[in-house]
Amino acid sequence: MKKVVIGVIVVLVICLVLVVLAPFMVNLDRYKGTILARVEPYLDRDVDFTHIELTILSGLGAEIQGLRVADNPRFSSADFISLDSLQVQVEFLPLLKKEIKVRKIVLKRPVISVARNAGGEFNFDDILALLKRRSRGQDSLKKEGKAAGTPSARFGKTSVAWAAAGNPDAKSSSSSAALPLSIQELQIVKGKVLYRDEMLLPDAGTLVIDALNLTMKDVSLDRPVFVDLSADLLKSGAKNVSIKGTLGPLGTPIDVRNMPLAVDLAVTSFPLAGISALLPVKVLSGAVTAEVKGKGSPDNLSLNMRAGSDRVEFQLPPKKNGKKPPKAGILRGMKLDVKGTRTRKQNLRGRGTLAIENGTFESVPFVAATSNFSYMPGRVTIDSLNMQAFDGSIQGKGFYDIEKKGWSFDPSMQGVDVSTLLNALTEHRDIFAGTLSGDLHAEGTMPAGKESKLGARGSILLAKGEWKNFNLVESVLDSLFGLEGVGRFLSYQGGEVARHESTRFDSLDGTFEMENTIIQVQSLTLRNIQTSKATDSVAILKGIVDRASKTLDLRGVVILSERHSRKLAEKADILRALLNNQGHMVLPITLKGSLRKPVPFLDTEYVLNALSSYYIQKGTQKLLEKLF
């Protein structure tokens, strides 16, 4: 009995030694040509590796080191995939029946280069198309275009055709229609993905997904595949992206477009500064957390996304010929909720809501900003926008056409501080004061390489307002009293009337239309204009404002209050010639200069003609009185 035990131990030791030494005794490198002959036809790409060895202790199978797969030559001459090692483990018992069942595949430190050209084609589309054709039995596995013995242009090795011709097994295998796919587990360890997109992100450069770990279970064509992925997106220094769910079955033949899927994507503390090139603003700091749920298939997909950020600091693009960089803006408490669908007939479209608790824009604070929006291919529509800003409220709606670079926006303002608004958004600083309300429509285009177009129209009301740097009524009266034949009745000294350097009024209401740099003022009425002598004067104007030259050309009348008109007429009877039927003095004017420094001109020709007519009428009356 003792000898039997010793014998068993000796056998076990010998088996253990053989297991340990087997990988060193079996040289699999001599099958390199055969292996490549079986693999390359499935990819129609040059494939190479440096070494292959048998593995037993870590699992029965083989490990391929230095594996490389060439990129599509129409994209680059670099590698599509390169990795440190590829481990393939198989089950032992099926081997006794001459069957191969893959238990596990492990890719260590793979680097995958994904690219899309300006036409929307990916660098792996040719591989997918090839696999799809062969899964239908429409394409043989024989690799065409290389004669036997011809060196591979990509890796400098002999061609697959040569290797297959020198090995009967390889030749017979090339006639099979498709490789059965059934893998219990597939792993990617410490992978990296390099992504370039010349179609949607031509200026973004290469985006990097690092520290990628992937586990896929029950990989086959006829069963759903479980997926668990984590990665560091855009070199954040931590794993900030995870994907869990199921994909498939792919079906036979392979049908990626109708592949069922149910996945959950989570993004944690993702730094937005890493994707500034993809956004219309430069992100200085801030991170976003998001959850995305996808269900359906690539050709019939529904998506739900929720995202949020505690604080984002950003900067607008610099203005043309701007001397100072734009001021930073801040968004706090941002929440985004989006639902979308995609079908074969219709690309991605859906609706969403955006809410921001508070923030600053161009140094102007705002609170309670909310928006409902919708999107479809080439177009984003703002269905509603509400916010508290500029000490008032703003509502609006509009759209942006991505393809035509056109936009439209219809804002409605209530109780907005006009001084703060103009100081923040325009170059007309410190010109107007008051509370602004109004309804506007603006539209424009920003085509690349072409001159942009801008148009607008609307109506406004400025309450308790002030037009700074000039006094309209008193400047006009100063011109009137300076006329010969008028001032002597009032004991007037030049410059005596103009005492204020601004025009104050109860309200200013107007309508306008704008095309590019020309604003056509259809009506502009200033009511209850306040002067040093009286109130309740009115000014009615219309004309043109040229934004390019910053000049005014407005024409209209100043109508003095009845009380003020009566007092002036009592002092100078000749001024009765300027009264209308309601007893108001009407003074025609022209407003020149600029918004910052308007210059009013009295229509002296009209006034002198009116005064002359008054003199003639009075003279005629006196003559008639003497005669009769």
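The values are calculated or read from the model by the stated rules, or taken from the named source; none is laboratory data. Being a predicted model, the structure only gives us computed values, none of them experimental. In this analysis, Cβ positions are derived from the backbone assuming ideal geometry, glycine residues included, and neighbour counts consider all displayed protein chains. Just the protein is used for accessible areas: all its heavy atoms, side chains included, with ligands, DNA and RNA removed. Shrake-Rupley method; radii C 1.70, N 1.55, O 1.52, S 1.80 Å.
Take the residues in the stretch 100-116 that are modelled with pLDDT under 90 and either part of a strand (DSSP E or B) or not aliphatic (A, V, I, L, M) (or both), then tell me which one is least open to solvent (accessible area, probe 1.4 Å). Show your work before the answer.
Pass one, the stretch 100-116, residues modelled with pLDDT under 90: 100-103.
In the following step, the residues that additionally are either part of a strand (DSSP E or B) or not aliphatic (A, V, I, L, M) (or both) were identified as 101-103.
Numbers: LYS101: 103, VAL102: 31, ARG103: 89 Å².
Among those that are modelled with pLDDT under 90 and either part of a strand (DSSP E or B) or not aliphatic (A, V, I, L, M) (or both), it is VAL102.
Given the options LEU608, LEU575, name the one that is in contact (Cβ under 8 Å) with a residue 40 or more places away in the chain and open to solvent by less than 60 Å² (accessible area, probe 1.4 Å). Don't jump to the end; show me each part of the working.
On the way: LEU608 fails: open to solvent by less than 60 Å² (accessible area, probe 1.4 Å).
That would be LEU575, the only listed residue that is in contact (Cβ under 8 Å) with a residue 40 or more places away in the chain and open to solvent by less than 60 Å² (accessible area, probe 1.4 Å).
Name the residue, out of SER419, SER412, that is outside any strand (DSSP E or B) and more than 21 Å from the chain's Cα centre (by Cα). Can you show your working first?
On the way: SER412 fails: outside any strand (DSSP E or B).
On inspection, the qualifying residue turns out to be SER419.
Test ALA231 against the stated conditions and say whether it is in a strand (DSSP E or B) and either farther than 18 Å from GLY191 by Cβ or in contact with a helix residue (DSSP H, G or I) (Cβ under 8 Å, 6 or more places away or on another chain) (or both). Explain how you work it out, then say what you get.
Numbers: in a strand (DSSP E or B): yes; either farther than 18 Å from GLY191 by Cβ or in contact with a helix residue (DSSP H, G or I) (Cβ under 8 Å, 6 or more places away or on another chain) (or both): no.
Answer is no for this residue.
Taking the stretch 234-259 only, how many residues are closer than 13 Å to GLY274 by Cβ and part of a strand (DSSP E or B)? I'd like the intermediate steps shown before the answer.
To start, the set of residues in the stretch 234-259 that are closer than 13 Å to GLY274 by Cβ comprises 234-238, 240-241.
From what's left, part of a strand (DSSP E or B): 241.
So the count comes out to 1.
Where the second residue is of a type in the set (Lys, Arg) and the first is farther than 30 Å from GLY398 by Cβ and lies in the stretch 453-476, which pairs have Cβ atoms under 7 Å and are six or more apart or on separate chains?
So the pair list comes out as GLU466/ARG504; ASN469/ARG596; ASN469/LYS597; PHE470/LYS597; GLU474/ARG499.
Go through the stretch 75-102 residue by residue and tally those that are within 50 Å of the chain's Cα centre (by Cα) and not β-branched (Val, Ile, Thr). Spell out the reasoning first.
Residues of the stretch 75-102 within 50 Å of the chain's Cα centre (by Cα): 75-90, 101-102.
Still in the running and not β-branched (Val, Ile, Thr): 75-80, 82-87, 89, 101.
Count: 14.
Taking the stretch 340-361 as the region of interest, how many residues are exposed (fewer than 14 other Cβ atoms within 10 Å of the Cβ) and under 19 Å from the mean Cα position of the chain (by Cα)?
Total satisfying the criteria: 2.
When you look at GLU185, is it charged (D, E, K, R) and open to solvent by 50 Å² or more (accessible area, probe 1.4 Å), yes or no?
Numbers: charged (D, E, K, R): yes; open to solvent by 50 Å² or more (accessible area, probe 1.4 Å): no.
The answer is no for GLU185.
Might you check whether a residue that is of a type in the set (Asp, Glu), open to solvent by 60 Å² or more (accessible area, probe 1.4 Å) and either under 16 Å from the mean Cα position of the chain (by Cα) or modelled with pLDDT of 95 or more (or both) occurs anywhere in the stretch 393-402? It would help to see each step written out before you state the result.
First, the residues of the stretch 393-402 that are of a type in the set (Asp, Glu): 401.
Still in the running and open to solvent by 60 Å² or more (accessible area, probe 1.4 Å): none.
Checked against the condition, which is being of a type in the set (Asp, Glu), open to solvent by 60 Å² or more (accessible area, probe 1.4 Å) and either under 16 Å from the mean Cα position of the chain (by Cα) or modelled with pLDDT of 95 or more (or both), the stretch 393-402 yields no hits at all.
For the stretch 221-246, give me each residue that is open to solvent by 50 Å² or more (accessible area, probe 1.4 Å) and touching a residue at least 24 places away in the same chain (Cβ under 8 Å).
ASP222, ARG223, PRO224, LYS235, ALA238, LYS239, listed by residue number.
Kindly indicate which of PRO317, PRO326 is part of a loop (DSSP other than H, G, I, E, B) and within 16 Å of the chain's Cα centre (by Cα). Spell out how you get there, then give the answer.
Working: PRO326 fails: within 16 Å of the chain's Cα centre (by Cα).
Just a single option satisfies the conditions, and that option is PRO317.
Could you please let me know if LYS404 is in a strand (DSSP E or B) and either touching a residue at least 12 places away in the same chain (Cβ under 8 Å) or over 17 Å from THR517 (Cα atoms) (or both)? Show your work before the answer.
Numbers: in a strand (DSSP E or B): no; either touching a residue at least 12 places away in the same chain (Cβ under 8 Å) or over 17 Å from THR517 (Cα atoms) (or both): yes.
No: the conditions fail for LYS404.
May I ask you to list the residues in the stretch 36-74 that are in a helix (DSSP H, G or I) and under 20 Å from PRO110 (Cα atoms)? Steps first, please.
Initially, the stretch 36-74 is screened for residues in a helix (DSSP H, G or I), giving 36-43.
Across the stretch 36-74, the qualifying residues are LEU36, VAL39, GLU40, TYR42, LEU43.
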